[in-house]
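What follows is a set of notes on a single structure, which appears directly below.
The values are calculated or read from the model by the stated rules, or taken from the named source; none is laboratory data. Note that the structure is a prediction, hence the values are computed from the model and not measured. Ideal geometry is used to build each Cβ from the backbone, glycine not excepted, and the neighbour counts take in all protein chains shown. For the accessible areas, the whole protein counts, side chains as well, though only heavy atoms, and no ligand, DNA or RNA atoms are used. Shrake-Rupley method; radii C 1.70, N 1.55, O 1.52, S 1.80 Å.
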Amino acid sequence: MLDLDFEVRSKVSIEDVGAWKYSQDPSTQILCMGWSIDGGPVTVWKPGDPAPDWATDINVFKKKCKTVRAHNAAFEQAIWANICVACFGWVYLEPIHWIDTMAQAAAMSLPMSLEDGGAALQLPVVKDTEGRRVMLQLARPRKPSKDNPKEWMEKEDYPEKFETLYKYNVTDVESQIALGNYLPPLILKERWVWVLDQLINQRGVKIDIELAHKALAIIDEVELRGVKRIKEITNGEVETAGQVAKLLNWARSKGVVITSLTKDSVAETLKDKTLPPEVAEVLYLRQMLGKSSTKKIIKMIEAACLHDHRVRYTSVYHGASTGRWAGRLIQVQNFPRGLPDLDVDQAINDILNMDMDQILYKYPNITDVISSCLRGFIIPEKGKKFISADFNAIEPRVLFTLAGQEDAVDIYRKEGDLLS
């Protein structure tokens, strides 16, 4: 068993783009790699050192290691594939070769972070706060100065910080070994589910980048026009839809009783047929400009790999406490249902081909339309199809079934018969 942990630096944020695109960025570099075989002493490899023999010869790997273990192995796999293999010529390791202690912890309903998981089990895990602080310093570009114009903290300038980083790396590997050795392995069925999860996540989903950029341009234009209109209606008292206090005061000056501008509050207020037309228009504009779809589209563009426009690792195995997958990056699990009567294919075609004035004339509610089309931003390869489905009330159904409460399960069965 090989235990492995990388420390890296990059100009991009892993939270913004995800581990796979992060590892492909030209600025991303390995600072060190801590490794241990069968729980032995931890060795720290640094770029420029000779490569370990197991890293360059698959037969040696199979003889000495057989499998490689990491905490949040998605990150280590990304660094391994896109830097160690692509740049150093090391052997490629399929997901079947990897074990993830984070997945093991999640399967036991334990905290998913290495530190918190070890603490929950009262393992001899050292909390290295100074090491973490130094790691974060070295992982990001520094602000160049006249005395030191370098973009990064380099080893020759900050040797003590790099020594602290190497010790932190060793501690992480030792903590990982302690956690991995304590936790039971995934049962065989779940092991194969995890491997399949990694294969699917590494393949990723393809984004229609042209559609994403055009939709974002439309939303930007709608926001410009919407803000301009809000200023006109309120005579400059309210300058943006985000000025909650000013907007509330203006609405109250028009005799409208409204206590908040939450989504539900605005929707409820707009039902009032006696609402002054100018207040109704401003509230509608706020409603239209506050769509979360904008963030999803930005994330699609941000996280899509440049060479194939695929977003990878959009889900986390056992990320929810119930055992379900958790969403990451573009959050495919919580796309809006959308407008019920919208012809999505036609709307997407219009977004791609109509000019700005045409699209805004045809779809006065264009932000709702774009939000309804979000699933169509994820596209299959030629000759393939995507099928979108969801299990209705899956968790209570399973719970009632496991509890043997068939009368409760029958309620859902009858509901299904009515729907069909």
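Please list, in order along region 148-156, the HN-Hα scalar couplings obtained from phi with the Karplus expression 6.51 cos²θ - 1.76 cosθ + 1.60 (θ = phi - 60°), rounded to whole Hz, x for Gly and Pro.
So the J values, rounded to whole Hz, are 9, x, 5, 7, 10, 6, 9, 4, 5.
Return the long-range amide H neighbours of residue 57 (sequence gap of 5 or more, or a different chain), with a cut-off of under 5 Å between placed amide H atoms.
For residue 57, whose amide H was placed from the backbone, the distant partners under 5 Å are 91.
Could you tell me how many degrees, from 0 to 90 and to the nearest 10, lie between the Cα long axis of helix 406-419 and the main elongation axis, the longest principal axis, of the Cα atoms of the chain?
The answer is roughly 50 degrees.
Just name one of 121, 200, 175: the one whose Cα is farthest towards the positive end of the charge dipole of region 95-201 (beta-carbon charges, Lys/Arg +1, Asp/Glu -1).
Sorting the options by dipole projection puts first 200.
By how many nm would the segment from residue 302 to residue 229 grow when fully extended, if each residue of separation counts as 0.36 nm and the alpha-carbon distance is taken off?
Values: separation 73, 0.36 × 73 = 26.28 nm, distance 3.01 nm.
Length difference between fully extended and current span is 23.3 nm.
Could you give the angle, 0 to 90 degrees to the nearest 10, between helix 14-24's Cα long axis and the longest principal axis of the Cα atoms of the chain?
Result, in degrees: 50.
Work out from phi, with θ = phi - 60° and the Karplus expression 6.51 cos²θ - 1.76 cosθ + 1.60, the ³J(HN,Hα) of each residue of region 381-392, listed in order in whole Hz, and give x for Gly and Pro.
So the Karplus estimates, Gly and Pro as x, are 5, 4, x, 10, 9, 9, 10, 9, 8, 8, 7, 7 Hz.
I'd like to compare 248-256, 269-277, 20-28, 322-330: which one has the highest average count of other Cβ atoms within 10 Å, and what's the full order after that? It would help to have the intermediate numbers written out before the result.
Numbers: 248-256: 14.9, 269-277: 11.8, 20-28: 19.4, 322-330: 17.6.
Per-residue Cβ counts within 10 Å, averaged per peptide and sorted highest first, yield 20-28, 322-330, 248-256, 269-277.
Between region 308-343 and region 118-148, what is the C-alpha centre distance in whole Å?
Here the two parts' Cα centres lie 31 Å apart.
Output the 0 to 90 degree angle, nearest 10, between the alpha-carbon long axis of helix 244-253 and the longest principal axis computed from the alpha carbons of the chain.
Result, in degrees: 10.
Using modelled backbone amide H atoms (1.01 Å from N, in-plane), which distant-in-sequence or interchain residues come within less than 5 Å of residue 237's amide H?
Answer set, sorted by chain and number: none.
If you count, for each residue, the other Cβ atoms within 10 Å and average over each peptide, how do 138-149, 310-321 line up from highest to lowest?
Details: 138-149: 11.3, 310-321: 19.8.
Top of the packing list down: 310-321, 138-149.
Taking R0 as 56 Å, what's the FRET efficiency between residue 349 and residue 58 from their Cβ-Cβ distance, rounded to 0.05? Present the calculation step by step, with values, prior to reporting the outcome.
On the way: r = 48 Å, r/R0 = 0.87.
With R0 = 56 Å, the Cβ-Cβ based efficiency is 0.70.
When Lys and Arg each count +1 and Asp and Glu each count -1, what net charge do the other residues less than 15 Å away from residue 143, Cβ to Cβ, add up to? The partial results should precede the final answer.
On the way: positive: 9, 11, 140, 142, 146, 150; negative: 147, 151, 154, 157.
Summing Lys and Arg as +1 and Asp and Glu as -1 gives +2.
In the structure shown, do any of 21/382; 127/299; 206/263; 143/295 have a Cα-Cα gap over 27 Å, and if so which?
Working: 21/382 23 Å; 127/299 33 Å; 206/263 31 Å; 143/295 29 Å.
From the list (21/382; 127/299; 206/263; 143/295), the Cα-Cα distance tops 27 Å for 127/299; 206/263; 143/295.
Over the chain, what percent of the accessible surface lies on carbon and sulfur atoms, probe 1.4 Å? If you can, show how the numbers build up before the last one.
Working: 12660 of 23180 Å².
That fraction is 55 percent.
Given 20, 72, 83, which one lies farthest toward the positive end of the charge dipole of region 1-121, if we put +1 on the Cβ of every Lys and Arg and -1 on the Cβ of every Asp and Glu?
Most positive-ward Cα: 83.
With the other protein chains left in place, how much accessible area per residue, in square angstrom, belongs to the chain at a 1.4 angstrom probe?
Values: 23180 Å² over 420 residues.
Here the per-residue accessible area is 55 Å².
So how strong a dipole does the chain carry about its Cα centre when Lys and Arg Cβ are +1 and Asp and Glu Cβ are -1, to the nearest 20 debye?
Rounded to the nearest 20 debye, it is 280 debye.
Of 52, 137, 216, whose Cα points farthest to the positive end of the dipole of the chain (charges on the beta-carbon: +1 Lys, Arg; -1 Asp, Glu; origin at the Cα centre)?
216
So, with +1 on the Cβ of K and R and -1 on the Cβ of D and E, and no other charges, what is the size of the charge dipole of region 1-157 about its Cα centre, to the nearest 20 debye?
Numbers: 18 positive and 22 negative charges, 36 e Å.
Computed charge dipole of region 1-157: roughly 180 debye.
Cα centroids of region 174-206 and region 207-275: how far apart, whole angstrom?
Answer, in whole Å: 45.
Tabulate in residue order the Karplus-calculated ³J(HN,Hα) for region 94-102, using 6.51 cos²θ - 1.76 cosθ + 1.60 with θ = phi - 60°, rounded to whole Hz; enter x for Gly and Pro.
Taking θ as phi minus 60°, the curve returns 5, x, 4, 7, 9, 10, 10, 5, 5 Hz for region 94-102.
Could you point to the label whose value was computed as Rg/Rh (Cα atoms, Kirkwood Rh) for the structure here, given [x] 1.37; [y] 1.18; [z] 1.04?
[z]
Which trypsin sites (Lys or Arg not before Pro) from region 349-408 combine a DSSP loop assignment with at most 10 other Cβ atoms within 10 Å?
On the way: sites: 362, 375, 382, 384, 385, 397; in loops: 382, 384, 385.
For trypsin sites (Lys or Arg not before Pro) across region 349-408 that sit outside H, G, I, E and B with at most 10 neighbouring Cβ atoms in 10 Å, the list reads 382, 384, 385.
Under a crude label model (7 Å from the Cα following the beta-carbon direction), how far is residue 137 from residue 265 in nanometres?
Result for the modelled spin labels: 4.5 nm.
Can you list residues whose amide H is under 5 Å from residue 315's amide H, if they're 5+ apart or on another chain and H is modeled 1.01 Å from N?
Residues meeting the amide H criterion: 328.
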